[in-house]
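Read the structure below first, then the notes.
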Amino acid sequence: MSRIFNFSAGPAVLPVEVLEEAQCDLVDYRGSGMSIMEMSHRGGVYDAVHQEARANLRELLNLPDDFEVLLLQGGASMQFATIPMNYLGHGQTADYVNSGAWGAAAIKQARLVGNVNVCADCEKDIPARVPLQSELKQTPGAAYFHYTTNETISGAQWKTVPKTDAPLVADMSSDILSRPMDLAPFSLAYAGAQKNLGPSGVTVVLVRKSFAERASKAVPAIFRHPTHIEAQSLYNTPPCFGVYMLMLVTRWVKRVGLERLFRQNADKAALLYQAVDASGFYRGTAAEACRSDMNVTFRLPTAELESEFCSAAKKAGLDGLKGYRTMGGIRASIYNAFPVEGVRALVHFMGEFERTHG
Ligand code: PMP
């Protein structure tokens with residue numbers, strides 16, 4: 001077996017022990033004589049997996065009692081549409097922060113549904129950053145306030161939770177479970193699983209029942225959060241294999257511990273930012289105060305050198321470093337399951353590349 005160091009932004013590296021467990025379970029899941037992909041989602045064997053996945057998330061996120069855990073399909077992108085469809089009524093305004101490409105993507109969809117106030121816009125700022133609390137021009141009585149906790153593409157991450165009187169809604173796709181979190185200020189949080197939680201195909205939505213009660217009834221059942229709350233995410237066929245993987249990943253997070261993962265993530269990110277800062281060759285692209293612990297972004301002096309950097313890194317067993325297609329540059333995504341040895345290998349590679357190309 002040879003595993004490379006995979007810096008992919010998502011789908012992203014998974015813990016090897018989880019992959020191995022899944023491999024053992026694949027053909028005959030725990031004596032059932034079939035794989036988890038082949039059995040009814042209405043049977044007891046799958047149900048135990050489904051309920052454990054939800055319970056693990058509840059426990060790890062220390063969710064207040066009135067939160068529901070939904071395991072859906074459609075990715076975070078579907079929530080860009082379903083959140084305003086459910087919660088942005090006629091005559092109401094929702095406040096959205098545009099802190100980067102994903103914030104902008106959420107805004108674009110919400111605008112198709114209702115009235116949106118972009119309460120701060122720093123999408124195009126260089127260095128990439130998230131706004132200060134004082135910059136947020138909020139709407140009194142807003143239907144909700146939406147922001148993106150970590151902009152996966154630019155590498156700008158919120159280090160505090162914004163203050164608002166409106167129900168707080170967050171896209172946590174790229175930093176959920178990367179640190180101990182307090183969901184108490186939130187009404188709704190969502191994330192595609194393919195970074196810290198498992199494979200793509202599962203979307204986690206955490207929503208307060210009291211907030212979900214406001215959902216519009218004029219929305220088709222499949223897109224309504226209350227539908228999935230009532231059915232415990234078994235309204236239709238769930239993404240069974242993805243939920244099973246999420247269950248294994250959350251078990252792994254419980255074994256390692258969220259505090260420990262947080263410290264490891266901070267240490268990994270610090271190693272990389274130190275390497276960037278110590279050189280006159282690499283240039284960090286996110287403002288220091290909001291540098292992401294998950295996606296470390298930097299540039300080289302020219303696009304040609306960046307492309308050479310990525311191909312040479314790939315040959316050295318370091319893959320997935322090319323920045324997002326619209327952004328360029330280098331992006332090292334170092335989610336929970338990414339090993340510190342891989343970060344050390346990248347730091348070493350960066351030193352060598354600078355020595356030979358700087
Ligand atoms: N939001 C953020 C912060 C993301 O990083 C991504 C995907 N990388 C998305 C939304 C879109 O997610 P999906 O592909 O699951 O729809």
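Could you compute the longest span of the chain free of GluC sites (Glu not before Pro) located in DSSP loops and having at most 12 other Cβ atoms within 10 Å, not counting the site residues?
Working: sites that count: E38, E213.
That would be 39-212.
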Once you've got the GNM for the chain with C-alpha springs shorter than 10 Å, pick whichever of P140, P199, P238 has the biggest mean-square fluctuation. P140
Note down the nm distance, to one decimal, between modelled labels 7 Å out along Cα→Cβ at T326 and at A289. 2.6 nm
How big is the stretch 258-357 on each of its three principal axes, counting only the C-alpha atoms and giving the largest first in Å? 40, 28, 26
Return the sequence-ordered ³J(HN,Hα) values of the stretch 328-336 in whole Hz as given by the Karplus equation 6.51 cos²θ - 1.76 cosθ + 1.60 applied to θ = phi - 60°, using x for Gly and Pro. x, x, 10, 9, 9, 8, 10, 5, 3
Residue (of S311, A143, M37) at the positive-pole extreme of the chain, dipole from beta-carbon charges: A143
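Quick check for you: with a 1.4 Å probe and neighbouring chains kept, what is the accessible area per residue of the stretch 314-358, in Å²? Don't skip to the answer; put the middle values down first.
Values: 2290 Å² over 45 residues.
Per residue, the stretch 314-358 has 51 Å² of solvent-accessible surface.
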In the chain, whole DSSP H helices that both stretch 15 Å or further along their axis by alpha carbon positions and average at least 0.0 on the Kyte-Doolittle scale are 75-87, 101-113, 240-256
With all pairs of different alpha carbon atoms counted, what Kirkwood hydrodynamic radius in Å does the stretch 1-133 show? 19.0 Å
Nearest-10 value in Å² for the accessible area of T160, using the 1.4 Å probe: 100 Å²
So what does F80 come to for accessible area, using a 1.4 Å probe and Å² rounded to 10? 10 Å²
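Length gain on complete extension for the stretch R255 to T302, per 0.36 nm per residue less the alpha carbon to alpha carbon distance?
Values: separation 47, 0.36 × 47 = 16.92 nm, distance 4.32 nm.
The R255-T302 span can extend by a further 12.6 nm.
Given axes a ≥ b ≥ c from the Cα gyration tensor, I'd like to know whether the stretch 125-271 is rounded (a/c under 1.5), prolate (a/b larger than b/c) or oblate.
Values: a/c = 2.02, a/b = 1.07, b/c = 1.89.
It is oblate, given that a/c is not under 1.5 and a/b is not larger than b/c.
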For the stretch 16-255, size of Cβ-based charge dipole, Lys and Arg +1, Asp and Glu -1, in debye: 440 debye
Using a basic spin-label model with each label point 7 Å from the Cα along Cα→Cβ, how many nm lie between S200 and Q73? 1.5 nm
Computed lengthening from L112 to D65, 0.36 nm per intervening residue step minus Cα-Cα distance: 13.6 nm
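So what is the orientation-averaged projected area of the chain, using the convex hull of its C-alpha atoms, in nm²? All intermediate terms of the calculation are to be shown ahead of the outcome.
Numbers: hull surface 72.0 nm².
Across all orientations, the chain yields a mean hull projection of 18.0 nm².
Tell me, what is the FRET efficiency for T356 and Q274 to the nearest 0.05, using R0 = 30 angstrom and their Cβ-Cβ distance as r? All intermediate terms of the calculation are to be shown ahead of the outcome.
Values: r = 21 Å, r/R0 = 0.69.
Taking R0 as 30 Å, the efficiency between T356 and Q274 is 0.90.
Which of the residue pairs K195/K322; K163/K217; K108/K315; K124/K163; K137/K322 have a Cα-Cα distance greater than 27 Å in the structure shown? Numbers along the way, then the final one.
Numbers: K195/K322 17 Å; K163/K217 29 Å; K108/K315 39 Å; K124/K163 23 Å; K137/K322 35 Å.
Distance filter (> 27 Å) returns K163/K217; K108/K315; K137/K322.
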Long-range amide H partners of S279 with built H, under 5 Å: none
Roughly how many percent of the accessible protein surface of the chain is carbon and sulfur, given a 1.4 Å probe and a whole-percent answer? 53 percent
In square angstrom, what is the accessible area per residue of the stretch 16-255 with a 1.4 angstrom probe? 41 Å²
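Which value in deg cm²/dmol, rounded to the nearest 500, describes the helix-derived mean residue ellipticity at 222 nm for the chain, given -39,500 (n - 2.57) per DSSP H run of n ≥ 4 and division by the residue count? Before the final figure, lay out each step's value.
Details: 10 runs with 132 residues, N = 358.
Mean residue ellipticity at 222 nm (helix-derived): -11500 deg cm²/dmol.
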Two pseudo-spin positions, 7 Å from Cα along C-beta at R263 and at A184, lie apart in nanometres by 2.4 nm
Accessible area of Y235, 1.4 Å probe, to the nearest 10 Å²? 100 Å²
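The values are calculated or read from the model by the stated rules, or taken from the named source; none is laboratory data. Because the structure is predicted, anything quoted here is derived from the model rather than measured. Every residue, glycine as well, gets a Cβ built from its backbone with ideal geometry; the counts of neighbours run over all protein chains shown. The area values use the complete protein model at the heavy-atom level, side chains included, leaving out ligands, DNA and RNA. Shrake-Rupley method; radii C 1.70, N 1.55, O 1.52, S 1.80 Å.
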